[in-house]
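See structure below.
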Amino acid sequence: MPSLPVALGRGLRMCCPSCGKGKLFSGYLKVVPVCANCGAPLGLARADDAPPYFTIVVVGHIIIPAMWSLERAYEPPLWVHAAIWLPLTLGLTLGLLRPIKGATVGLMLKLGMLKSGDDE
């Protein structure tokens, strides 16, 4: 297993955090059960609610200061805010969710936070 920064970086690139060559996802957010290249048990890293939480934090720290700056500088009507920030928030959220989930899987794999089917 590589160092923590390497595992996080590989996860952000949506590659296997262990080898960096295999694919991490088989769908938009569906993690492959096992890396096709190195056999790492990626499906045992149950990220659950962490990636959406981290995504909300990141997107919020981008959108809120930008929205506040626009409001302070120009005081646009509400429809302008809606036309700008709703699509931007949606686009950032959908664009960042998958890489953030990849980084979370990399973190969990590095820390040994894997859940087998017997743990229930």
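Since every read-out is calculated from the coordinates, none of them should be taken as a lab result. Because the structure is predicted, anything quoted here is derived from the model rather than measured. Don't worry about glycine lacking a Cβ; one is built from the backbone with ideal geometry, like all the others, and counts go over all protein chains shown.
If you work out mean projected area of the Cα convex hull in nm² from the coordinates, which of (1) 8.8; (2) 9.8; (3) 8.4 do you get?
Only one listed value fits the structure, namely (1).
For region 32-83, state what percent of all Cα-Cα pairs lands in each successive 10 Å bin, counting from 0 Å until the bin that includes the largest distance.
That works out to 20, 26, 21, 15, 14, 4, in percent per bin.
Among residues other than Pro17 whose Cβ falls under 9 Å from its Cβ, what is the net charge (Lys/Arg +1, Asp/Glu -1)? Each step should come with its number before you reach the end.
Working: positive: Arg10, Lys110; negative: none.
My count for the surroundings of Pro17 gives +2.
Given Cα pairs under 8 Å that are at least 6 residues apart, what percent is the relative contact order of region 1-45?
Working: 62 pairs, mean separation 11.2, N = 45.
With pairs under 8 Å counted, the relative contact order is 25 percent.
Given H placed 1.01 Å from N in the peptide plane, which residues other than close sequence neighbours of Cys35 have an amide H under 5 Å from its amide H?
Placed amide hydrogens put Ala40, Leu42 under 5 Å from Cys35.
With an 8 Å cut-off on Cα pairs and a minimum separation of 6 or more residues, tell me the relative contact order of the chain in percent.
39 percent
If you plug each phi of region 31-46 into the Karplus form 6.51 cos²θ - 1.76 cosθ + 1.60 with θ = phi - 60°, what whole-Hz ³J(HN,Hα) values come out, in order, with x for Gly and Pro?
So the J values, rounded to whole Hz, are 7, 5, x, 9, 5, 5, 8, 10, x, 4, x, 5, x, 7, 7, 8.
Taking amide H atoms as placed 1.01 Å from N in the peptide plane, list the residues 5 or more away in sequence, or in a different chain, whose amide H sits under 5 Å from that of Phe25.
Under 5 Å from the amide H of Phe25: Val32.
Sort by residue number and report every cysteine in the chain with no other cysteine beta carbon within a distance under 4.7 Å.
Those would be Cys15, since no other cysteine Cβ in the chain comes under 4.7 Å of theirs.
Would you mind telling me which residue in Ile84, Ile62, Ile100 has the biggest mean-square fluctuation in a Gaussian network model of the chain, where springs connect alpha carbons within a distance under 10 angstrom?
Ranking Ile84, Ile62, Ile100 by mean-square fluctuation puts Ile84 first.
Say we join alpha carbon atoms closer than 10 Å with springs in a Gaussian network model of the chain; which of Val80, Val58, Val32 then has the biggest fluctuation?
Checking each option, the largest mean-square fluctuation is seen for Val80.
How much length, in nm to one decimal, is gained on full extension between Leu114 and Leu94, taken as 0.36 nm per residue of separation minus their Cα-Cα distance?
4.6 nm
How much length is gained if the chain between Val34 and Ala83 is pulled fully straight, taking 0.36 nm per residue apart and subtracting their Cα-Cα distance, in nm to one decimal?
Contour length minus the Cα-Cα distance gives 13.4 nm.
Would you give the gap between the C-alpha center of region 1-35 and the C-alpha center of region 61-120, rounded to a whole Å?
Using only Cα atoms to place each centre, the spacing works out to 20 Å.
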